[in-house]
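Presented below is the structure to which this report refers.
The values are calculated or read from the model by the stated rules, or taken from the named source; none is laboratory data. What you see is a predicted model; the values in this text were computed from it and never measured. In this analysis, Cβ positions are derived from the backbone assuming ideal geometry, glycine residues included, and neighbour counts consider all displayed protein chains.
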Amino acid sequence: MTPPSPAAGLSPSHLQGRTAGLVSRALAAVADALVVLGIAVLAGLALGAVRFLVSGPPFAVPRPSDGFTGAFGGCLAVGYLAVGWSVTGRTVGGRLMGLRVAHRSGRRLRPGRALLRAVLCVALPLGLFWAVPSRRGASVADLVVRSAVVHDWYGGRAARGTGAVASARRRLPREQRGGEEAAASDDGQHDQRGGVGAERQVGDEDGAGDRRAE
């Protein structure tokens, strides 16, 4: 997905690393639901094709009971979400919306946490709305597994953490960051020059003392 245009006031530099809102997360969830539905349809077609090859015509898609369909769909959704969050921190919906799921420290979720978060998201989809009153924008699943959903248009290359200091540093304009780096470099050079000057002064005083002793 192409990052939002800076002219729209939603440039990646302003959104990068910030906590995602309800709308973007809901749209990502809808996209993921469509992906899971597509996988289920493909699985049904594949089973129908296997049965056609084994038993012969007519070709028919299996029609399991509603209970089996619900259980299969739930397990498929949990597996899909858990793998995406533990491997890359993203699902298809997350990529489309420029979102990444990570631990609050910024690290990628471990498989156990990713699996628990997936189960909670599938079993309690309305828990997403807790992100509205939450000060950290955390859903019920985020509170349980201590995760966060942040804007990340660059696949984690520009944002390695979700802390306030890191986020504030990322939101600084490039010129200001360059000025800070130049100031730090000047301070280092000044300290180095000061150290060399002090060494020279000590050497001169030692030389004068030796001449007086002679």
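Values computed for the structure shown
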{"read-out": "Residue in the range 88-95 that is among the aliphatic types (A, V, I, L, M) and without any contact (Cβ under 8 Å) to a residue 60 or more places away in the chain present", "value": "no"}
{"read-out": "In the range 97-106, residue nearest to the chain's Cα centre (by Cα) [restricted to those that are part of a strand (DSSP E or B) and of a type outside the set (V, I, T)]", "value": "R100"}
{"read-out": "Residue under evaluation G93, criteria (1) within 14 Å of A28 (Cα to Cα); (2) touching a Ser or Thr at 6+ places or on another chain (Cβ under 6 Å); (3) not hydrophobic (A, V, I, L, M, F, W, C), criterion not met", "value": "(2)"}
{"read-out": "Within the range 17-56, considering residues that are in contact with a helix residue (DSSP H, G or I) (Cβ under 7 Å, 6 or more places away or on another chain) and more than 15 Å from R90 (Cα to Cα), the one modelled with the lowest pLDDT", "value": "R18"}
{"read-out": "Tally of residues being more than 19 Å from P125 (Cβ to Cβ), of a type in the set (G, A, S) and surrounded by 11 or more Cβ atoms within 10 Å (Cβ to Cβ) across the range 39-59", "value": "5"}
{"read-out": "Test: residue in the range 122-135 that is touching a residue at least 60 places away in the same chain (Cβ under 8 Å) and either crowded, with 17+ Cβ neighbours inside 10 Å or touching a strand residue (DSSP E or B) at 6+ places or on another chain (Cβ under 7 Å) (or both)", "value": "yes"}
{"read-out": "Among the candidates A102, A77, A82, residue that is modelled with pLDDT under 95 and of a type in the set (G, A, S)", "value": "A102"}
{"read-out": "Failed criterion for G94 (all others in (1) under 11 Å from the mean Cα position of the chain (by Cα); (2) surrounded by fewer than 18 Cβ atoms within 10 Å (Cβ to Cβ); (3) of a type in the set (G, A, S) hold)", "value": "(2)"}
